[in-house]
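The next block holds one structure in the form of structure tokens; read it before the comments.
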Amino acid sequence: MLIYATRTLDCASKTRIHYRMPEPLCERILDIFPEAEVVVNRFSKRVAGARDHFVLSRTGGYHIAGILGDVRIVATFGKTARDGDACEHTIARFESALCSERFGQVVQRVRTAR
Amino acid sequence: MPVYDIPFQLDAPHRRCVVGGEPMLFHCHHYNTFLQRTIQQDADFVDSRPFLVGAAAEVAFAQFSSLFARVDAIADRKRLATSLYQWAGLGTFDLTNLDDTGGEVRTENSHYAMAWRAKFGRSNRPVCDFASGWLAGTLAAIYGLSAGSFSVEHRSCSACGDSPTCGFRLTREAPNYTVFNPVGTGALTEHRPQAIPATPVDYDGILEALTGMEIVGDTNGQIPAFGVYLTRHYANYYNRISFEFERNLHALLGAQGIEVASPLLIEAGHVCAFNTFGGIMTSPEWDALIKPSLKTREDWVHGIVAAINALGWGRWQVTTLSETEAEFVIHDDYESTGYLAMYGTSDHPISYLAQGAVAGVMNLVYHGDVASNPEFTAEYYNRLFKTEGSYAANCLTSKAQGDEVTSFRVRRAVAEAALYEAV
């Protein structure tokens with residue numbers, strides 16, 4: 001039940017982590033940050049075969065996107081990588097929440113920054 | 001997320017979005033800054049500031065003069081202007097301290113400053129020419145004055161690294177930029193879509209889904225989406241700065257000026273395709289909405305063309321398609337529509353963004369195997385566009401030259417000299 005985390009930077013030097021979950025995501029992921037703004041795009045109602053997409057966000061804090069029923073999450077943290085500790089705190093909080101909600105256990109890998 | 005009340009009109013039949021009579025479309029920060037740097041630095045003997053600032057003043061003045069016809073109070077006008085700026089992902093402004101004599105304004109959130117630092121690092125000169133002109137045009141409209149009623153000085157820029165904010169001073173005096181006549185939406189055609197190859201891609205469903213998404217600025221006036229920072233920018237701003245760049249080069253160098261300008265502007269189209277299309281095709285949104293219906297690489301081309309139709313760039317079609325070559329047809333491409341309205345019929349193709357973008361689609365899908373989820377690095381860019389087997393586009397027809405549609409044939413380039421050959 002491992003969650004694989006691949007850390008990189010987005011094109012504005014914000015920390016971006018690609019998570020690969022051990023099981024497909026369910027709607028429970030939408031509640032992981034109570035303060036987050038949650039947007040669910042119900043693409044499945046518009047296009048045959050499409051799946052529903054979600055974004056959890058808080059300006060300057062995080063932008064977490066994924067697909068319900070899929071195993072991939074793309075999370076971008078902080079205003080910039082220079083935010084340092086604040087950014088790491090949010091990442092730790094997110095990963096702790098993933099583990100405590102029994103989505104899996106985080107294992108981190110590092111890859112070359114963009 | 002802020003709640004917006006923007007008088008936005010989706011013109012779905014023409015694949016356009018219009019606000020206050022000005023067509024607005026999506027482009028990412030890579031294209032915005034690359035195009036600006038191309039104009040400012042790749043031909044630095046062209047005095048570009050007057051038209052970079054003037055183009056922004058033009059579109060802002062035209063848009064708000066139209067919108068303010070139904071808004072009387074100055075405070076309400078300022079609120080609408082700042083809200084629209086933030087909604088569009090251009091940053092944030094507080095205009096309360098400006099009056100009909102001008103004044104000073106600062107912001108911590110400027111799209112161009114943020115984007116420049118992200119893409120190129122520290123700048124040795126202020127980069128917010130768009131914001132400068134937007135302020136001048138907007139303030140004139142707020143107070144019901146004529147275009148060009150204010151000069152504008154960009155006094156500090158966070159892209160330079162010596163200030164956390166961008167600062168501007170507006171003064172009620174003769175403008176220190178070019179004042180252009182706004183052209184609005186231009187003349188649009190009745191689209192007659194052409195037959196396309198069979199594909200499982202649901203063009204209409206994708207258009208409906210993407211145009212239904214809430215892609216708007218956050219509290220910092222940023223739109224992080226598809227792995228880039230999007231803006232819903234002014235079509236006529238891109239048009240004016242691109243065509244003034246070309247016309248200035250032509251005035252200085254004659255026909256050679258066009259030969260200098262066109263590959264530079266097409267290259268900006270490559271950068272746009274690489275980052276925006278590449279970002280879309282590797283995003284969770286793509287995986288959720290479009291990827292489930294893709295079976296072949298040809299479907300990947302159809303998928304991204306379907307998505308492009310939601311960007312406000314006109315109606316895009318791919319009418320023949322194989323790994324060997326493809327033809328793209330664009331109804332009311334925004335460059336041609338703008339050119340015709342600004343300058344009349346052209347004697348040469350001018351849809352540079354589109355020309356670079358269609359080559360980019362083919363390079364991403366066939367030459368770069370974007371389906372393998374690559375890293376979007378400089379090396380990958382160079383492999384896509386500058387190696388043997390890279391695709392390049394030739395213009396077949398041009399709306400700006402009087403044709404019904406703009407169209408391109410895209411093939412693998414055989415020689416550098418053939419890259420930008422116009423048929």
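Computed values, structure above
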{"quantity": "Residue tally, condition surrounded by 18 or more Cβ atoms within 10 Å (Cβ to Cβ) and not in a helix (DSSP H, G or I), over segment B:234-261", "calculated": "1"}
{"quantity": "Elements of type helices (runs of 4 or more DSSP H) in segment B:269-333, at least 1 residues being in contact (Cβ under 8 Å) with a residue 12 or more places away in the chain and more than 14 Å from chain A (Cβ to nearest Cβ)", "calculated": "B:297-308"}
{"quantity": "Pair list, Cβ < 8 Å and 6+ apart or interchain, from segment A:100-114 residues that are within 14 Å of chain B (Cβ to nearest Cβ) to residues that are outside any strand (DSSP E or B) and at pLDDT 70 or above", "calculated": "A:THR112/B:GLU375; A:ARG114/A:ASP10; A:ARG114/A:CYS11; A:ARG114/B:GLU375; A:ARG114/B:PHE376; A:ARG114/B:THR377"}
{"quantity": "Tally, over segment B:64-97, of residues that are in a helix (DSSP H, G or I) and either acidic (Asp, Glu) or within 26 Å of the chain's Cα centre (by Cα) (or both)", "calculated": "17"}
{"quantity": "Checklist (1) within 14 Å of the chain's Cα centre (by Cα); (2) within 8 Å of chain B (Cβ to nearest Cβ) applied to A:ALA50, failing item", "calculated": "(1)"}
{"quantity": "Matching residues, segment B:208-220, being closer than 15 Å to B:LEU10 by Cα and either without any contact (Cβ under 8 Å) to a residue 12 or more places away in the chain or surrounded by fewer than 19 Cβ atoms within 10 Å (Cβ to Cβ) (or both)", "calculated": "B:GLU208, B:THR211, B:GLY212, B:MET213, B:GLU214, B:ILE215"}
{"quantity": "Qualifying residue in segment B:382-394 (condition: in a strand (DSSP E or B), crowded, with 16+ Cβ neighbours inside 10 Å and out of contact with any helix residue (DSSP H, G or I) (no Cβ under 6 Å at 6 or more places or on another chain))", "calculated": "yes"}
{"quantity": "Cβ-Cβ under 6 Å pairs, at least 6 apart or on other chains, segment B:82-102 side surrounded by fewer than 23 Cβ atoms within 10 Å (Cβ to Cβ), far side among the hydroxyl-bearing types (Ser, Thr, Tyr) and not in a loop (DSSP other than H, G, I, E, B)", "calculated": "B:THR92/B:THR107; B:LEU95/B:THR82; B:GLY102/B:THR171"}
{"quantity": "Enumeration of residues in segment B:142-163 that are in contact with a Ser or Thr (Cβ under 6 Å, 6 or more places away or on another chain), in a loop (DSSP other than H, G, I, E, B) and within 25 Å of B:ARG79 (Cβ to Cβ)", "calculated": "none"}
{"quantity": "Flag for B:GLY167 being more than 29 Å from B:SER283 (Cα to Cα) and either at pLDDT below 95 or within 14 Å of another protein chain (Cβ to nearest Cβ) (or both)", "calculated": "no"}
{"quantity": "Test: residue in segment A:71-89 that is of a type in the set (D, E, K, R) and either more than 14 Å from chain B (Cβ to nearest Cβ) or crowded, with 19+ Cβ neighbours inside 10 Å (or both)", "calculated": "yes"}
{"quantity": "Breaking point among (1) in contact with a strand residue (DSSP E or B) (Cβ under 6 Å, 6 or more places away or on another chain); (2) at pLDDT below 80; (3) of a type in the set (Gly, Ala, Ser), for A:SER57", "calculated": "(2)"}
{"quantity": "Filter result for the condition that a residue is away from chain B (no Cβ under 13 Å) and either surrounded by fewer than 20 Cβ atoms within 10 Å (Cβ to Cβ) or assigned to a strand (DSSP E or B) (or both), over A:ARG93, A:ARG16", "calculated": "A:ARG93"}
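The values are calculated or read from the model by the stated rules, or taken from the named source; none is laboratory data. Every value quoted in this text rests on a predicted model; they were computed, and no experiment measured them. Counting neighbours? That spans all protein chains shown, and the Cβs are built from the backbone with ideal geometry, glycine included.
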